[in-house]
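Since every read-out is calculated from the coordinates, none of them should be taken as a lab result. A quick note: this is a predicted structure, and the numbers were derived from the prediction, not measured. Don't worry about glycine lacking a Cβ; one is built from the backbone with ideal geometry, like all the others, and counts go over all protein chains shown.
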């Protein structure tokens with residue numbers, strides 16, 4: 001099964017520049033799972049969520065079809081990284097107490113993934129899919145960032161990005177709904193860290209290949225003027241949403 005690989009070419013940048021899911025999200029997942037024996041992090045990328053899950057679960061199986069992403073992942077004694085697609089995993093049937101997907105569901109073949117969830121889930125297992133929308137720092141910085149996001153890079157976003165911007169609300173989710181509280185993701189970054197995050201976008205990388213231009217470099221002077229002291233640390237926030245359900 002082929003997969004849409006938008007990040008292997010800059011796996012190290014993705015690992016270093018992306019924010020981590022909120023700690024209280026991991027707490028909530030652990031409280032909702034029927035037990036803490038095994039969590040499956042499907043589409044784990046570099047393991048940003050995998051390591052967070054390992055703080056709560058006895059074992060975490062973290063899968064991604066990109067060997068490059070897995071090679072860049074942070075090692076953890078309770079995380080078993082495997083190069084394999086979410087639609088066809090090597091997990092044992094009826095083994096997972098939690099099936100989690102962070103910022104990856106929009107790349108999956110949903111029918112095949114849902115069938116795989118039913119195969120590997122324990123009775124009453126929690127399925128939780130999450131993603132985060134566009135960031136916000138300040139009115140002045142946001143205005144420059146929005147021009148980059150929508151005007152400059154608009155043609156370079158893959159169509160699946162619209163599913164994230166819509167909060168996954170239009171995707172099928174055939175599990176008994178579990179209401180999830182609201183969460184907010186935050187990172188405290190200086191200007192260089194913020195620019196690195198913008199460069200980790202798939203659209204930034206696609207734009208560079210298509211045009212030969214670094215869109216972030218072109219926007220950097222306006223971002224710097226809005227940011228002020230480049231060493232100043234600012235709070236960067238993202239809306240973080242979750243759809244959760246139970247496997248019957």
Antiparallel versus total DSSP beta bridges in the range 8-246: what percent is that, nearest 5? 45 percent
If you bin every alpha carbon distance in the range 117-179 into 10 Å steps from zero, what whole percent lands in each bin? 16, 36, 25, 16, 7
With only alpha-carbon pairs counted, each pair once and no self-pairs, how large is the Kirkwood hydrodynamic radius of the range 133-233 in angstroms? 15.3 Å
Tell me, 122, 209 in order of fewest to most beta-carbon neighbours within 10 Å? 209, 122
Paired Rg and Dmax values of the range 26-103, which use every Cα atom, in angstrom: 11.3, 33
Here the FRET efficiency for residue 213 versus residue 24, based on Cβ atoms and R0 = 51 Å and rounded to 0.05, is 0.80
Return the single residue from 133, 167, 94 with maximal mean-square fluctuation; model: Gaussian network over the chain, springs between Cα atoms under 10 Å. 94
Neighbour-count ranking for 41, 109 (other C-beta within 10 angstrom, fewest to most) reads 109, 41
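What number, rounded to the nearest 500 deg cm²/dmol, is the helix-based mean residue ellipticity at 222 nm of the chain, given -39500 (n - 2.57) per DSSP H run of at least four residues and division by all its residues?
Value at 222 nm, helices only: -9500 deg cm²/dmol.
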Run the numbers for residue 82 and residue 173: contour at 0.36 nm per residue of separation, minus the present Cα-Cα distance, in nm. 30.3 nm
What distance in nm lies between label points placed 7 Å from Cα along the C-beta direction at residue 136 and residue 93? 4.8 nm
According to the Cα gyration tensor, what semi-axes, each the square root of 5 times an eigenvalue, does the equivalent ellipsoid of the chain have, listed from largest to smallest in whole Å? 32, 19, 17
Label residue 222 and residue 151 with points 7 Å out from Cα along Cα→Cβ: what is the distance between them in nm? 0.4 nm
GNM on the chain, C-alpha springs below 10 Å: top fluctuator among 233, 51, 127? 233
The distance between the Cα centres of the range 89-155 and the range 173-201, in whole Å, is 10 Å
